[in-house]
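*Asks:* My questions will all concern the structure given below.
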């Protein structure tokens, strides 16, 4: 499945979770929420590292946030494919409405 290989490439989810999400539509929405929460957390950590002058740590956290943001996007595509008539909250941007610009 194309989503499975994309999720494996992002390396944010472990293999067992990827198999579960690709085979169980019910797991997708929960994992979208988790991915968005991880993204927000890493963005906040990056901000804290920038303030303290830890540019390398900030860059790492930004990369992690980007990976989780991409994971949320893939999971949203998977959810739409599994439930074509369903509109997910904040469909266009997984972070809109969660205080992240």
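*Asks:* Run the numbers for residue 73 and residue 27: contour at 0.36 nm per residue of separation, minus the present Cα-Cα distance, in nm.
*Replies:* The residue 73-residue 27 span can extend by a further 15.1 nm.
*Asks:* Can you tell me which of 46-56, 28-38, 66-76 comes out highest on packing, and rank the rest after it, using the mean Cβ neighbours within 10 Å?
*Replies:* Going by the mean number of other Cβ atoms within 10 Å, highest first, we get 66-76, 28-38, 46-56.
*Asks:* Right, another one. How high is the FRET efficiency from residue 2 to residue 37, r the C-beta distance, R0 22 Å, rounded to 0.05?
*Replies:* Efficiency computed from Cβ-Cβ geometry: 0.30.
*Asks:* Using alpha carbon coordinates only, what is the Rg to Rh ratio of segment 2-82, with Rh defined as the Kirkwood radius?
*Replies:* Ratio value, two decimals: 1.06.
Values quoted throughout were computed directly from the atomic coordinates according to the rules given, and no laboratory measurement underlies them. Keep in mind that this is a model prediction, so the values were computed, not measured. All Cβ positions, even for glycine, are placed from backbone atoms using ideal geometry, and neighbour counts span all protein chains on display.
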